[in-house]
Amino acid sequence: MPTLTRKSRRDQIIDGIVVGLIALCVLMILAVAAGSFSARKLVPGERIGLVELTGAITDPEPVNRQLRYFRDVEKVPAILLRIDSPGGYVGASQEIYRQVELIRQRGIKVIASMGNVAASGAYYVAIAADTIMANPGTITGSIGVIAEFPQADTLLRKVGLAFNIVKSGRYKDTGSPTRPMRGDEQELLQSVVDDTYQQFREAVGKARKIPQARLDSLTQGQVFTGRMAKAFGLVDTLGNYDDALRLAKRMAGLSDGAKVVRAPSAEKSLFQRLLGNVNDLWHASSWSVSYRLP
């Protein structure tokens, strides 16, 4: 029996050594991987953050998450904000605009690079940057506000379909497609559009330093090419993605060899993706005031 006890202890020691060696190997592998990752990240001051704003602006969080990553984690000296968007919801556009402002308050340079289109709410976001660069043929501008309300009451009557509405206030079903809009409802919504439009105009005038007299002629919802926008003072310079990248490096005081890095992608479960699609459909069927191309 004592021999069995000594053998058991010896086995325990051997097992401990084996576990320790395995743990050491795992740590060495992790250390090598971390070293490789660190080498790819380079040292502070040698990186440019790339944030892409594409498609309709409905949810600000994907873009704002990237901006916060470069502000709080990577702490890059400059961000290239690549924009290819027709605009979108008012609140979402303003949230990204505000996040860019906060980024710049940290001393991080932000260069907006316009692709095919950067209009309406996307232009609203761009004016928060230090510098705006557009292609000569970029479609931009569309400084205005739009609210659309489908009306289907005539069609519904033809097919014999009617709706009974139960509401708590006179204006709760404003914009309903089941009936014509009343005059007082149109006045109410026009006041909402007018106030939203004024917020947009004020932001453009302040950011681009455009006098009120000139601002009136540039904020009627019309679109411009990049070259026209530069002539009107709506963008700073002309160039493509590579030109904007070189400008970002120069403004940050970096060498041409500085690397472009992206924020880690946020993985979504199948349920989250489906929920997002349902949410998009819900917003599409609901009325909203938007900064976007018609």
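FYI, it's all coordinate maths here, none of it is from the lab. Remember, it's a predicted structure, so these values are computed and weren't measured experimentally. All Cβ positions, glycine included, derive from the backbone under ideal geometry; neighbour counts span all protein chains shown.
Could you pull out every residue, at least 5 positions away or on a different chain, whose amide H is within less than 5 Å of the one on Ile57? Hs are placed 1.01 Å off N in the peptide plane, and Pro or chain starts have none.
Gly87, Gly88, Tyr89
Kindly put Met114, Met181 in sequence by how many other C-beta atoms sit within 10 Å of each C-beta, fewest to most.
Numbers: Met114 30, Met181 15.
The order, fewest Cβ neighbours first, is Met181, Met114.
How far, in nm, would the chain grow between Thr237 and Glu61 when pulled straight, counting 0.36 nm per residue and subtracting the alpha carbon separation?
Values: separation 176, 0.36 × 176 = 63.36 nm, distance 2.86 nm.
Fully extending the segment from Thr237 to Glu61 adds 60.5 nm.
Once amide H atoms are placed 1.01 Å from N in the peptide plane, what residues at a sequence separation of 5 or more from Thr138, or on another chain, have their amide H within under 5 Å of its amide H?
Gly226, Arg227
Would you work out the relative contact order for segment 68-197, in percent, from Cα pairs under 8 angstrom that are 6 or more residues apart? The partial results should precede the final answer.
Details: 177 pairs, mean separation 26.7, N = 130.
This gives 21 percent for segment 68-197.
Roughly how big is segment 53-173's charge dipole about its Cα centre, with Cβ charges of +1 (Lys, Arg) and -1 (Asp, Glu), in debye to the nearest 20? Show your work: numbers first, answer last.
Values: 14 positive and 11 negative charges, 48 e Å.
That gives a dipole near 240 debye.
List the pairs from Lys206/Lys249; Lys206/Lys259; Lys75/Lys206 whose alpha-carbon separation is above 30 Å, in the order I gave them. Don't jump to the answer; show the numbers that get you there.
Working: Lys206/Lys249 26 Å; Lys206/Lys259 33 Å; Lys75/Lys206 28 Å.
Table pairs above 30 Å Cα-Cα are Lys206/Lys259.
Sort Phe163, Phe70 so the one with the fewest other Cβ atoms within 10 Å of its own Cβ comes first.
Details: Phe163 11, Phe70 25.
Result, fewest neighbours first: Phe163, Phe70.
Mind listing the long-range amide H neighbours of Val145? Cut-off is under 5 Å, sequence gap 5 or more, other chains count too, H placed in the peptide plane at 1.01 Å from N.
Here the answer is none, since no amide H 5 or more places off falls under 5 Å of that of Val145.
Label segment 83-122 by shape, choosing from rounded, prolate and oblate, from the square roots a ≥ b ≥ c of the eigenvalues of the Cα gyration tensor; if a/c is under 1.5 it is rounded, and otherwise prolate applies when a/b is larger than b/c, oblate when it is not. Kindly include the intermediate steps, with their values, before the conclusion.
Details: a/c = 4.70, a/b = 1.40, b/c = 3.36.
Oblate, since a/c reaches 1.5 and b/c is not below a/b.
For segment 167-265, what is the convex hull volume of the alpha-carbon atoms per residue, in Å³? All intermediate terms of the calculation are to be shown ahead of the outcome.
Numbers: hull volume 22.5 nm³, N = 99.
About 227 Å³ per residue, rounded to a whole number.
Based only on other Cβ atoms within 10 Å, what is the fewest-to-most ordering of Glu148, Glu61? Let's see the in-between values first.
Numbers: Glu148 10, Glu61 13.
Least to most surrounded, the residues fall as Glu148, Glu61.
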